[in-house]
Amino acid sequence: AYTFVFFYSKIWKTADEIESEKLANGIHDCVMEMVKGREKKVETGEADGFGNDFLGLLINAYRDFDEKNRLSIEDLVDECKTFYFAGQETTNSLLAWTILVLAIHTKWQEKTRQEVFEVFGDQNPNSEGIAKLKIMNMVVNETLRLYSPVAAVIRKIKKEVRLGKLVLPANLEILIPIIALHHDPQLWGDDVHLFKPERFVEGIASATKYNSAAFIPFSMGPRSCVGMSFATTETKVALSMILQRYAFTLSPTYVHAPFPVITLQPQHGIQVTLHPL
């Protein structure tokens, strides 16, 4: 029976499977079009290299002369998909929850807006100014604490190790519940469930009482998220541009239902009322 089902699944596909393959092929073709564009510029002398950005580094690995170090085209495409998905989904989640807390706590919204206008005026944000946004940094950190885009991470133990009173064997997988750490009253106090950006007024180290594992929205150690700075900067740029143009309040239709689907999502969306400035 199993052999028949396996054989049947090979010759007959559901509509979802057909659509999934179509989308996967479309993404593959899109990435390859960008790769060929870079290669063509090098071949015609328009550029002297594939670039030093993420895609350029991948193409260099794909074209490596050493076969042992060479990246396959499948790996190149998969890396692009992973980086795009991880970067977009997590940043979208963070920005959505930040909009929510500021729509509820309008005094903090006004404080953050005032800071944005003091730094940028009505001009588009720039990297130098982003580094000066102290209040926004507090707001973003507190949002990351309350609504971490990644609710948990899994780590596999390479060799036997002692963790407190426990001896953990090799090849064991451990789930680290980030969101539980961020809502632990022993680490953050009895007001752990409240939105209080002032926790971070003196920085993350002071807020966590120098316990580096108490606040890990991007994980920690050698496996921490490589896109941490990019994601937070991207969020601050988008939020600055929104605050320059709109005030916003929470819609009475909003239903609070955080829902972890790879990233922490508002299950029913976030409804706010925009008020153009």
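The values are calculated or read from the model by the stated rules, or taken from the named source; none is laboratory data. Quick caveat: nothing in here was measured; it's all calculated off a predicted structure. A quick note on method: Cβ atoms are made from the backbone with ideal geometry, for glycine too, and the neighbour counts reach across all protein chains shown. Note: accessible area is taken over every heavy atom of the protein model, side chains too, but ligands, DNA and RNA are not part of it. Shrake-Rupley method; radii C 1.70, N 1.55, O 1.52, S 1.80 Å.
Loop-only check: which trypsin sites (Lys or Arg not before Pro) in the stretch 118-159 are DSSP coil with at most 15 other Cβ within 10 angstrom? Walk me through the intermediate numbers first.
Values: sites: Lys132, Lys134, Arg145, Arg155, Lys156, Lys158, Lys159; in loops: Lys132, Lys158, Lys159.
In loop regions of the stretch 118-159 (DSSP not H, G, I, E or B), the sparsely surrounded trypsin sites (Lys or Arg not before Pro) are Lys132, Lys158, Lys159.
Taking amide H positions as placed 1.01 Å from N in the peptide plane, with prolines and chain starts having none, which residues 5 or more places from Ala47, or on another chain, fall under 5 Å of its amide H?
The answer is Val42.
Taking 7 Å along the Cα-to-C-beta vector as the label spot, tell me the Ile174-Ile204 distance in nanometres, rounded to one decimal.
1.9
Using label points projected 7 Å from each Cα along Cα→Cβ, tell me how many nm separate Phe54 and Ser224, to one decimal.
1.8
Which aspartates and glutamates does Lys158 reach when only Cα atoms under 18 Å apart count, and residues fewer than 8 places away in its own chain are ignored?
Glu173
Note down the nm distance, to one decimal, between modelled labels 7 Å out along Cα→Cβ at Gln123 and at Lys156.
Between Gln123 and Lys156, the simple spin-label model gives 5.0 nm.
Just to make sure I understand: if all protein chains stay in place, what is the order of Arg223, Arg38 by accessible area at 1.4 Å, largest first?
Values: Arg223 160, Arg38 65 Å².
Correct descending sequence by accessible area is Arg223, Arg38.
Quick one, which of (i) 38; (ii) 28; (iii) 45 is the actual percent of Cα pairs over 34 Å apart calculated for this model?
After the calculation, the listed value that fits is (i).
List the residues, sorted by chain then number, that are 5 or more residues from Ala247 or on another chain and whose placed amide H is less than 5 Å from its amide H.
Long-range HN contacts for Ala247: His275, Leu277.
Full-extension gain between Lys134 and His183, please, as 0.36 nm times their residue separation minus the C-alpha to C-alpha distance. Please list the in-between numbers first.
On the way: separation 49, 0.36 × 49 = 17.64 nm, distance 2.32 nm.
Length difference between fully extended and current span is 15.3 nm.
Give a quick list of GluC sites (Glu not before Pro) in the stretch 154-219 that DSSP marks as loop, anything other than H, G, I, E or B, with at most 15 other Cβ atoms within 10 Å.
Numbers: sites: Glu160, Glu173, Glu198, Glu202; in loops: Glu160, Glu202.
Those satisfying the criteria are Glu160, Glu202.
Hey, what number do you get for the chain at 222 nm if only DSSP H runs of n ≥ 4 count, each worth -39500 (n - 2.57), divided across all residues, to the nearest 500? Write out the running numbers ahead of the final one.
Details: 11 runs with 143 residues, N = 277.
Estimated from H runs of four or more residues: -16500 deg cm²/dmol.
For Lys165, give me every one of the lysines with a C-alpha distance below 28 angstrom, ignoring sequence neighbours fewer than eight places off in its own chain.
List returned: Lys156, Lys209.
Arg245: net charge of surrounding residues, Cβ under 12 Å, Lys/Arg +1, Asp/Glu -1, itself excluded? Could the numbers behind the result be given before it?
Working: positive: Arg113; negative: Asp122.
Neighbourhood net charge equals 0.
Is any residue of the stretch 16-30 close enough, with backbone N under 19 Å, to a label point placed 7 angstrom from the Cα of Glu39 along the Cα-Cβ axis, and if so, which?
25-30
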